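Since the structure comes first, as structure tokens, the remarks are kept for the end.
The values are calculated or read from the model by the stated rules, or taken from the named source; none is laboratory data. What you see is a predicted model, and the numbers here were worked out from it, not measured in a lab. All Cβ positions, glycine included, derive from the backbone under ideal geometry; neighbour counts span all protein chains shown.
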């Protein structure tokens, strides 16, 4: 799995660092992977996203991981939900230019899933959205709100939400309600917590199955 360290601009021009993973053969598509935008959970080496990257590579998909501004070697300083949204939009635009494929997926984990959902709202270029443990059952500081239903009225992107049965931040009923609003699917990983500890293979298999 060839890996390239890359740098690209956010939507508003801040220089971000990333890692582009390419399969051995022509990619079936490119997936932009969105961590939560915090130093604790948002660094690229976080165990969840590398595990997913390896599964995507086996399935023939290219993938881009990146650090939000102010994290790792990405420039700038964390500022607001708008700046995080600009970072995701910049990652999507760069990945689509860098990888020769007609299929784009965006995969977000935890609050990164909510930010990714906002970035995909109104996008004509994103074909698939996957939300892993979107925090649909909690609210408070640092937890971005979901887009209003009227903003999702024209949503046509193929959608999969994946949550664990032991994740209080993503209750399966709340996740199923959001999936229904998006016209998508929801899959439950029995016994999994918010980070799919001990269930990474099952989670990754669901994602690659959906991207088939």
Item to complete: For the stretch 82-97, indicate whether the set of residues that are assigned to a loop (DSSP other than H, G, I, E, B), free of Cβ contacts under 8 Å to residues at least 40 places away in the same chain and surrounded by fewer than 17 Cβ atoms within 10 Å (Cβ to Cβ) is non-empty.
Response: no
Practice prompt. Identify, from the list 36, 50, the residue that is modelled with pLDDT under 95, in contact with a helix residue (DSSP H, G or I) (Cβ under 7 Å, 6 or more places away or on another chain) and closer than 22 Å to residue 133 by Cα.
Written response: 36
Practice prompt. Among the residues of the stretch 102-139, write down those that are touching a strand residue (DSSP E or B) at 6+ places or on another chain (Cβ under 7 Å), surrounded by fewer than 24 Cβ atoms within 10 Å (Cβ to Cβ) and over 21 Å from residue 82 (Cα atoms).
Written response: 103, 104, 127, 128
Discussion item. Let me confirm something: among 169, 179, 153, 175, which residue is out of contact with any helix residue (DSSP H, G or I) (no Cβ under 9 Å at 6 or more places or on another chain), buried (at least 17 other Cβ atoms within 10 Å of the Cβ) and under 28 Å from residue 93 (Cβ atoms)?
Written reply: 179
Practice prompt. Tell me which of these residue 143 doesn't satisfy, since it passes every other one: (1) over 30 Å from residue 27 (Cα atoms); (2) at pLDDT 95 or above.
Written response: (2)
Response to the item:
Condition set part of a helix (DSSP H, G or I) and modelled with pLDDT of 95 or more, scope the stretch 98-113, selection nearest to residue 170 (Cα to Cα): answer is 113
Item to complete: Sort out which residues of the stretch 170-192 are assigned to a loop (DSSP other than H, G, I, E, B) and closer than 16 Å to residue 113 by Cα, and write them in order of number.
Response: 170, 171, 182, 184
Worksheet item: Here is a list of conditions, (1) crowded, with 24+ Cβ neighbours inside 10 Å; (2) in contact with a strand residue (DSSP E or B) (Cβ under 7 Å, 6 or more places away or on another chain); (3) not in a helix (DSSP H, G or I), and residue 75 meets all of them except one; can you say which number that is?
Response: (1)
Discussion item. Filter the stretch 98-118 down to the residues that are touching a helix residue (DSSP H, G or I) at 6+ places or on another chain (Cβ under 8 Å) and free of Cβ contacts under 8 Å to residues at least 60 places away in the same chain and list them by number.
Written reply: 118
